[in-house]
Structure formats: structure tokens, C-alpha cells
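Novice: The structure is given below, and queries will be raised subsequently.
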Amino acid sequence: MKILVTGAAGFIASHVADAYVGAGHEVVILDDLSRGAKRNVNPKARFYQCDIRDREAVESIFLAEKPGIVNHHAAQMDVRRGVREPHFDAQVNILGSLNVIESAVAHGAHRFIYAATAGAGYGEPKQIPVPENYPINPITPYGISKHTVEHYLFTFQFLYGLQYVVLRYGNVYGPRQSSQGEAGVFAIFSEQMLSGIQPVIYGDGQKVRDYVFVSDVVRANVAALANGTNEIFNIGSGVATKDFEIFEQVRNLLGKTEVRPQYVPRRPGEIDRISLDISKAARLLDWAPQVPLAEGAQRTVRYFQDAALASSAASNAK
């Protein structure tokens, strides 16, 4: 089948596109390269450089390609920027997503897989782990904009019969992760330590998150091609992990046991603790995470070590 993947020059969606190509699907990629990199684009996919806010451009791609399935990852994903620029956040995440959804309906796509957010959506939960039916109380514009699209998908299913699957991600990590994202602590700590920069922890290191390795997230996106129709799923590990534990994992893997973090004040909009109830995904999506944190951390840190060596070699060759 033909699948259009938005944002597939970026971290998560590039891995999703790779898996779809590997499964024999015809893949079309739409990305504006504002945060992603052309090197992440699968060479067997057709690539369009396009901003999802450009309604005419999005429409023209759907007209030319007519995908049967849309996997929508393209987003303004920086929580801090959303706090500073809520209009921009809404333009990309709400209006841009509407451009993609409306084009999908207009040109015959029958299924829409949407990458949503768990932590930013639920806000500061009073129940741990958090199930999908927990009240949505975002405390940032990013959380609001990402959740709003879920309502549009429900409405478009009711009005036009567009099937959807919503995947609410925990903190995804792994190769290709960007250190520019506030959730990319593996990337941030790895790059800082490899560069001899003292790592920064926002707060006291006790904030709790639910980390899930990117290959597990990819498997959820593959499962969503056939399962979980018109449902919402938490996609995480179900395990609560503190910031300092991630710091220790990276420090030990890099053999930099002498490094100490610099603690600075927490940033506006950061929740204190969250972990996800992932039992619904097991029941209806036939999915469960397979990569434990220790293994995922090792694979991720190795990726950044290799990237640092390649960068150093390239610099020395000049």
C-alpha cells in the first residue's frame, strides 16, 4: 500500500518510514527540513520538501500521490518554543495538521495514524501509571495543540468515515535523536559529555518520565496499520525513570564517572512525574515494548559515540 509519512526526515518518523519501506510499502515523505535532516530520508521513498502550513502545497502532494494511509508526525515539537510562541505552535500543530487531515479525506486516504503526546497532554497527573481515559489537562500550548488534533480526528471519523489511530508517546529515545529537543536527554547528555561540557539537569534530577526506545515506537506504528482502529493508545515502557538515572546511565556507558551534573532551575511547563499504563495497547494493538532501558541506553550512546568519531575524522581530513 502507499503510505505518506509526514516529518520523516526527523527522529521518530524516519525510523517509521524505514520500517514501512522494509515491509514492502510504497512510501512518500513530506518534511520541511526545519528540524529533520535529509540524510535521514529513506532513499527508496519519494521525498517532498514541504511545510504543512502551506495548504496548497500539501494539497498538491496528496493530489499527485493519493496515499491510502497517512502517518502524521510533522509538528512543532519544542515545548519551550510553544510557551514562547503559542501562535506559531498552533499554526503548525493545529492548522498544519488540519491541512493534512482535510487533504487525506479529499483524496481518498482511508486511515490516519497520528503521533500524539502523553506527558504534555495529561499534564501533571494525580494517578500513576496514567491510563488513556485519564482527564486531559495540558499545562503548555504544545500539549493543547497536540491534543486538539485528536478531537479533529474523532470528528472527521464521524463526518467522513476516516479511520484513525492515535499513539500517545512517552519520552522516545534512540539513534537519530536530536539534542535540540527538550525531551532528548540521552542525546543532550551524550553530546555534552563527549564534548567535555558539564551536563545540565533542570531541577533536582528527581523528575520522573516514561522512556521508550524508538524501535518499540516503530513497532506500534507498524501495528497501527491494521489494528486499533479509531482508538487512542499510550506508547511507553510503563516504567518510571528519574532524570538522574538517565544521567548515570549515559555517564557510566561513556566511562566518565568523574562527571557531575550542573543543576539549574526547572523550566516553565515541565511536569514532575509521569508513567503510562500501556495495557490497552497490549490488548487492542497487540503491542508491548521489547527493549529495556539498559539495552536502549547502550544502543543510543553508541550511536552518539560513532557520530562524534565520524565528525572528528571529517574535521581532521580537511
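The values are calculated or read from the model by the stated rules, or taken from the named source; none is laboratory data. Quick caveat: nothing in here was measured; it's all calculated off a predicted structure. Here the Cβ is made from the backbone with ideal geometry for all residues, glycine too, and neighbour counts use every protein chain on show.
Novice: Somewhere in segment 151-162, is a residue farther than 25 Å from Gln76 by Cβ, crowded, with 20+ Cβ neighbours inside 10 Å and out of contact with any helix residue (DSSP H, G or I) (no Cβ under 6 Å at 6 or more places or on another chain)?
Specialist: Among the residues of segment 151-162, not one is farther than 25 Å from Gln76 by Cβ, crowded, with 20+ Cβ neighbours inside 10 Å and out of contact with any helix residue (DSSP H, G or I) (no Cβ under 6 Å at 6 or more places or on another chain), which makes the answer no.
Novice: Just the residues that are part of a loop (DSSP other than H, G, I, E, B) and in contact with a strand residue (DSSP E or B) (Cβ under 8 Å, 6 or more places away or on another chain), please, taken from segment 252-285.
Specialist: Passing the criteria: Pro261, Pro265, Arg266, Arg267, Glu270, Asp272, Ile274, Ser275, Asp277, Ile278.
Novice: Scan segment 7-31 residue by residue and report those that are within 12 Å of the chain's Cα centre (by Cα) and among the β-branched types (Val, Ile, Thr).
Specialist: Within segment 7-31, Ile12, Val16 qualify.
Novice: Please identify the pairs in which a residue from segment 257-271 that is under 12 Å from Met193 (Cβ atoms) and touching a residue at least 24 places away in the same chain (Cβ under 8 Å) has its Cβ atom under 7 Å from the Cβ atom of a residue that is surrounded by 12 or more Cβ atoms within 10 Å (Cβ to Cβ) and among the charged types (D, E, K, R), counting only partners at least 6 apart or on another chain.
Specialist: Hits for this filter: Val259/Arg251.
Novice: I want to confirm something. Restricting to segment 35-47 and keeping residues that are in a helix (DSSP H, G or I) and touching a residue at least 24 places away in the same chain (Cβ under 8 Å), which single residue is farthest from Ile12 (Cα to Cα)?
Specialist: Among those residues, the one meeting the criterion is Lys38.
Novice: crowded, with 21+ Cβ neighbours inside 10 Å, closer than 18 Å to Val218 by Cα and of a type in the set (Val, Ile, Thr): which single residue out of Val79, Val5 fits that description?
Specialist: None of the other options fit; the residue is Val5.
Novice: Looking at (1) touching a helix residue (DSSP H, G or I) at 6+ places or on another chain (Cβ under 8 Å); (2) among the small types (Gly, Ala, Ser); (3) modelled with pLDDT of 95 or more, which is the only condition Ser60 fails?
Specialist: Just one mismatch for Ser60, condition (1).
Novice: With respect to Ala310, is the statement that it is under 22 Å from Arg168 (Cβ atoms) and out of contact with any strand residue (DSSP E or B) (no Cβ under 9 Å at 6 or more places or on another chain) true?
Specialist: No; evaluated as a whole, the condition is false for this residue.
Novice: Say we look at segment 210-241 and pick out the residues that are among the polar types (S, T, N, Q) and part of a strand (DSSP E or B); which of these is nearest to Val21 (Cα to Cα)?
Specialist: Within segment 210-241, the match that is nearest to Val21 (Cα to Cα) is Asn234.
Novice: Can you tell me which residues in segment 48-94 are touching a residue at least 60 places away in the same chain (Cβ under 8 Å), over 18 Å from the mean Cα position of the chain (by Cα) and over 18 Å from Ala120 (Cα atoms)?
Specialist: Of everything in segment 48-94, those that are touching a residue at least 60 places away in the same chain (Cβ under 8 Å), over 18 Å from the mean Cα position of the chain (by Cα) and over 18 Å from Ala120 (Cα atoms) turn out to be Glu65, Lys66, Pro67, Gly68, Ile69.
Novice: Can I ask one more? Restricting the search to segment 48-72, which residues are part of a helix (DSSP H, G or I) and of a type outside the set (Gly, Ala, Ser)?
Specialist: Hits for segment 48-72 are Arg55, Glu56, Val58, Glu59, Ile61, Phe62, Leu63, Glu65.
Novice: Based on this model, can you work out whether Leu4 counts as assigned to a strand (DSSP E or B) and either modelled with pLDDT under 95 or of a type outside the set (D, E, K, R) (or both)?
Specialist: Answer is yes for this residue.
Novice: Another question, if that's okay. Any residue that is at pLDDT below 95, under 22 Å from Val130 (Cα atoms) and either acidic (Asp, Glu) or in contact with a strand residue (DSSP E or B) (Cβ under 7 Å, 6 or more places away or on another chain) (or both) - is there at least one of those in segment 189-205?
Specialist: Looking through segment 189-205, at least one residue is at pLDDT below 95, under 22 Å from Val130 (Cα atoms) and either acidic (Asp, Glu) or in contact with a strand residue (DSSP E or B) (Cβ under 7 Å, 6 or more places away or on another chain) (or both).
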